1. Which pairs do you get when a residue that is assigned to a helix (DSSP H, G or I), found in segment 25-42, comes within reach of a residue that is surrounded by 10 or more Cβ atoms within 10 Å (Cβ to Cβ) and at pLDDT below 90, reach meaning Cβ atoms under 9 angstrom, with the pair 6+ apart or on two chains?
2. Select from segment 1-16 the residues that are modelled with pLDDT of 65 or more, part of a loop (DSSP other than H, G, I, E, B) and over 33 Å from the mean Cα position of the chain (by Cα) and list them in ascending order.
3. Kindly establish whether residue 56 is under 30 Å from the mean Cα position of the chain (by Cα) and modelled with pLDDT of 90 or more.
4. How many residues does segment 66-82 contain that are modelled with pLDDT under 90 and not in a helix (DSSP H, G or I)?
5. Cβ-Cβ under 9 Å, sequence separation 6+ or interchain: first residue in segment 50-61 and within 14 Å of residue 74 (Cβ to Cβ), partner surrounded by fewer than 11 Cβ atoms within 10 Å (Cβ to Cβ). Which pairs?
């Protein structure tokens, strides 16, 4: 395989003008990818924390209730979030 074939192929992602990306371009793109991943992780942890708070509050509220009362509270929570 010739070098020209490699360069003309898809060995590297080229810029719109056909030039190869610089090291600065690659570093910038990598930083953007890391930031996006961190944003996703932070979003997931916020949801998880909110769910944990709801479960804790439900446990506190239904602590002294009988099963029927606790079931009604569960139904109200389900309806609220549906």
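1. So the pair list comes out as 25/15; 29/21.
2. Selection gives 2 alone.
3. Values: under 30 Å from the mean Cα position of the chain (by Cα): yes; modelled with pLDDT of 90 or more: yes.
Against the criterion (under 30 Å from the mean Cα position of the chain (by Cα) and modelled with pLDDT of 90 or more), residue 56 qualifies.
4. Here the count works out to 1.
5. Close Cβ pairs (under 9 Å, with a partner that is surrounded by fewer than 11 Cβ atoms within 10 Å (Cβ to Cβ)) amount to 54/81.
The values are calculated or read from the model by the stated rules, or taken from the named source; none is laboratory data. Keep in mind that this is a model prediction, so the values were computed, not measured. When we count neighbours, we look across all protein chains shown, and the Cβ atoms used for this are built from the backbone with ideal geometry, even at glycine.
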